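Computed from the coordinates by the stated procedures, all read-outs in this text should not be read as laboratory data. Worth saying up front: this structure is predicted, and the values here are computed from it rather than measured. Don't worry about glycine lacking a Cβ; one is built from the backbone with ideal geometry, like all the others, and counts go over all protein chains shown.
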Amino acid sequence: MNYIILVVFLGGALLTFFAGKINNVLQDILFLASILVPASLFFAYVHAGNIFNLTLGGIHLSLGINAMSWLFALIVLGLGSMAAFYSVSFMKGKERRGYFYFNFILTIMAMTGILMSRDLVSFFIFWEIMTWSSYLMTVYNGKDVQTVGIKYFVFSAIGAYAMLMAIVVIHSINGSFMIEDLVRSFPEMPVNMQILIPVLLLTGFGVKAAIMPLHVWAPGAYSNAPMAYTSIFSGALSKMGIYGMVIVMVSLLSYVPEGYWFREVIAWMGGITAVIGTLWAIKQDDAKKLLAYSSIAQLGYIIVGIGIGTPLAMMAGLFLAVVHALFKGTLFLAVGAIERQTGTSNFREVTGLIRKMPWTFVASLISIISLAGIPPMGGFVGKWMLYESLLTSNHYLLVIVIFFSSTAAFLYCYKFLFGFFLGQEEKEWANVKEAPVLMVVPMLILSFFSFLLGTYPGIILKPIDAGMQYLGYGITQNHLWQTSVIFNTWGNQVVLQPLLYSIIAIFLFFLIFLTIKSFKQTRYVTTKDISSSGEVPKEHENLTFSVDFMQPFMRAVEPVMRRQIDKYYTGLANGLEALFDFMRKIYTGNGQTYAIYVIVFVVILLLFKDILF
Amino acid sequence: MNELWFDIMGAIVTVIVAFVVGITYMGLSRKITARVQNRKGPPFYQNFIDALKLASKTSAIHHGFMQHVGPAFMMITSIMSVLIIPVLRGNAWFVNLNFHGDLIFILYIMVFGPLGMALGAGQTGNPNSAIGVTRGLSQMVGFEIPWVMALVALMMQYHTTSIVDLMNVQIQSGMWLMFSSPFAFIAAVMAMLGMFRYSPFDIVGAPQELASGPMSENGGKYLFTLMSSGSIFAFAKLTLYVDLFMGGAGNLVELVIKTFALYLIPMLYGVTSPRYRTEQSIRWFWGWPTFFGFLAIIYAVVF
């Protein structure tokens, strides 16, 4: 069954691409079918243990699924299906639909393939397909290909070569490409190999997971791709890096003594990534860039959880991975909807959409609350487990770093909601309509799940538990999860259900107290009809507040923001360019110059032949 | 079923106590401020009169749905925190949700309301409201750092994240945590200055600059809700400090004395101080308070 799914994906991609020549509706239907059919086949027929083997040119390829990759496949195919529905409406009337659909399906296929791979060769092949298709999506708009596209490409290439090197090294030691063999033989390898192989693999995975200092490609690439795709890019594709990291950190490094240092370094890198991502997200004026930096920060939390690697931390990391896919997927889709309806995603231009796009607002609100980690949403459960795991494993400074980053995250959360939906309603946007149903419904479904997981995290903690037991965590019984109670190792607990009921009861009581009468008695007035020091503002007065939104905070953290890793990379690139310019003076591309080189060489040879030979 | 009714009655009693105590403190603070500035000042029950007046008013206009929802969000935070924070030791009426949440949960439910209210303030379109909100959120990033450091120090030292457990530690050892973890107490009290938003940290409301900031478009019942929520929230925060650092309280009189002693700190500090700019305020919190926070963590790790 395993290979049939991949074949359906591939065939669907090709059919969809060529169907565009015939009929647009047919193309849409084929596109949906080629995502949904393999996805439902996957969940119906693929189980841990049924393995498909293939020998190709003497290399043994093997496809199968385990409990861990099943969890990630849930993210990929679940978010993928939602984004697919959204894409149909999103791409209506846009050009190059075939190109978009083809790469979309190919990305989903490649990710499924990565999760199924049991050997490093097919892993690498699918990894490259994923990189290529996402690169093509990044340059879909044809904008900034020089800067954004090249940056993404260079970093992906660095990651891919590092991974390829690791694979070759592993093969030369083991004589086998199978991941199982690697896991089995890793503890007996010499110490330098035990360091080299994880470093190379983590470089490869770190690029996709946008870990500092390999994150510089992400803001550009995330914001340049079409939003329907970016929700997968940030929600699912980055999780492939996390998936790889889980394998390296748990299956390889937990069995060797150096593993401890790897864990600490990776966890701290994750923490620093979270802080940097958050601070830069606050500064952005474009919603896409803001969410892109926010993704980097959120991936930082996940990496912290995986880096610490205690059962609770691992659970927190994986739970955050699922929740991040839900809320960040929703938010990118919401930005896409706003961009489609208004033509821009810049906070300085769009304001006051709440009355025009109420459902988009509801979906964004729930997702933002989840992102901020506020109860009773799913984000809170993940954050809670992360803090408790850091506290119980004595990472007292890292917990402060994470706390700083997640408190500062409130700033950009508010900026996102205020910038788009609240504030002064301007005439320019008076005629904006709500996005089509096919775009709104996937957003609402995704945000409903992030609400559900906040009260019943057990739904997703069970598959996570199964995955962790596959990885060899025997002692998850400490946190034996009922559906809605979360524990830490010290025995402290949060019981989510009564909390949710209380919140809802208080909310409803005050909503009734405030609104039932008020809705009858009060009338709606425009946002120009406000008290401003006793004067009524005139119609032409501009009261919109969106420029330099978080200026006081940016002033306070200004010294930190002066240093940018991007500048160092640009410096390096400029240095290399100067070197290449110098090389070009030698390799001019002119035949006559080369002829002179040859003659000079022969003359030198003739002059010094007695000395040389 | 009876148990449920008992729980609900207990919750209502808790909220009423919190409301009365909190609003009396606010009235007293007006009186004390006035006496320090050599004015006569309003009577201490003036805030009750104000609240009653606001509650009986009707509004004429609104700016949209979020404006209705904002105060309700704010109320969730206040009531949830007063229900989760143990008010009295071992009193059946005040148990509420004490055992259902821990410190991390409190920290996060405490920001739910301000963020929700910020959304309500945002929809009114008043630029002063939005400016107040951005200032408030920025300042929160400032004072949360020393506050969290103090809490982390306590949690590390006593290996628990539950408030009830921390209270029990103090009863067993017979020593308040403000003496056994002095640096954590100093950091937490310094963070408290920002939490209560008296001068010099009153940059959110900022009467002369922002015309009371986020609240400026709210009147009548909305303002009443915000006001009562503010007083309940103040009581909840004070109770949390008493629970964590002063061993909790056995009866209401003890609680009132302890909380009022704590309440005097930000108030009296505020009476004599001018207002900071936002970035000055943030940097103030990242200076000495954070230093004491570090000391607290080191103290907790070493001893």
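Across the stretch A:278-293, the residues whose backbone nitrogen lies under 18 Å from the label position 7 Å along the beta-carbon direction of residue A:562 are A:280. Note on residue A:501 and residue A:598: the model spin-label points, each 7 Å out from Cα along the C-beta direction, lie 9.1 nm apart. In this calculation the C-beta distance from residue A:524 to residue A:551 is compared with R0 = 30 Å, giving a FRET efficiency of 0.40.
Per-residue counts of other Cβ atoms within 10 Å, averaged by peptide: what ranking do you get for B:165-175, A:260-270, highest first? Don't skip to the end; give the middle numbers.
On the way: B:165-175: 15.5, A:260-270: 18.7.
Final packing ranking: A:260-270, B:165-175.
With a 10 Å cut-off around each Cβ of A:498-504, the average count of Cβ atoms from other chains is 5. Between residue A:23 and residue A:485, the FRET efficiency from the beta-carbon distance, with R0 = 45 Å, is close to 0.25.
Quick one: putting +1 on the C-beta of Lys and Arg, -1 on the C-beta of Asp and Glu, what dipole do you get for chain A around its Cα centre, in Debye to the nearest 20? All intermediate terms of the calculation are to be shown ahead of the outcome.
Details: 37 positive and 30 negative charges, 190 e Å.
The dipole of chain A has a size of about 920 debye.
In the protein assembly as shown, the DSSP-assigned H stretches of four residues or longer account for a calculated mean residue ellipticity at 222 nm of -23500 deg cm²/dmol, using -39500 (n - 2.57) per stretch and the full residue count as denominator.
Mean silhouette area of the stretch B:40-123, derived from the convex hull of its C-alpha atoms and averaged over all directions, reads 8.6 nm². Pairs exceeding a 26 Å alpha-carbon distance, out of A:92/A:283; A:143/A:208; A:151/A:239; A:92/A:328; A:208/A:288: A:92/A:283. Here the alpha carbons of the stretch A:563-612 define both size measures, Rg and Dmax, at 18.6, 58 Å.
Would the stretch A:258-525 count as rounded, prolate or oblate if I go by the C-alpha gyration tensor, calling it rounded below 1.5 in a/c and otherwise prolate when a/b exceeds b/c, oblate otherwise? The shape class here is prolate.
Please report the projected area of the protein assembly as shown's Cα convex hull averaged over all directions, in nm². Don't skip to the end; give the middle numbers.
Numbers: hull surface 186.1 nm².
About 46.5 nm², averaged over all directions.
With Cα atoms defining each centre, the stretch A:303-352 and the stretch B:239-303 are spaced 35 Å apart in the structure. Only one residue of A:101, A:553, B:71 has its Cα farthest out toward the positive end of the dipole of the protein assembly as shown, where Lys and Arg carry +1 and Asp and Glu -1 on Cβ, and that residue is B:71. Take the Cα of residue A:174, step 7 Å toward its Cβ, do the same at residue B:48, and the gap between the two points is 7.7 nm.
The order of the peptides A:102-108, A:122-128 by mean Cβ neighbours within 10 Å, most packed first, is A:102-108, A:122-128.
The stretch between residue A:445 and residue A:43, if pulled fully straight at 0.36 nm per residue, gains 142.8 nm over its current Cα-Cα span. Note on residue B:301 and residue A:164: the model spin-label points, each 7 Å out from Cα along the C-beta direction, lie 4.3 nm apart.
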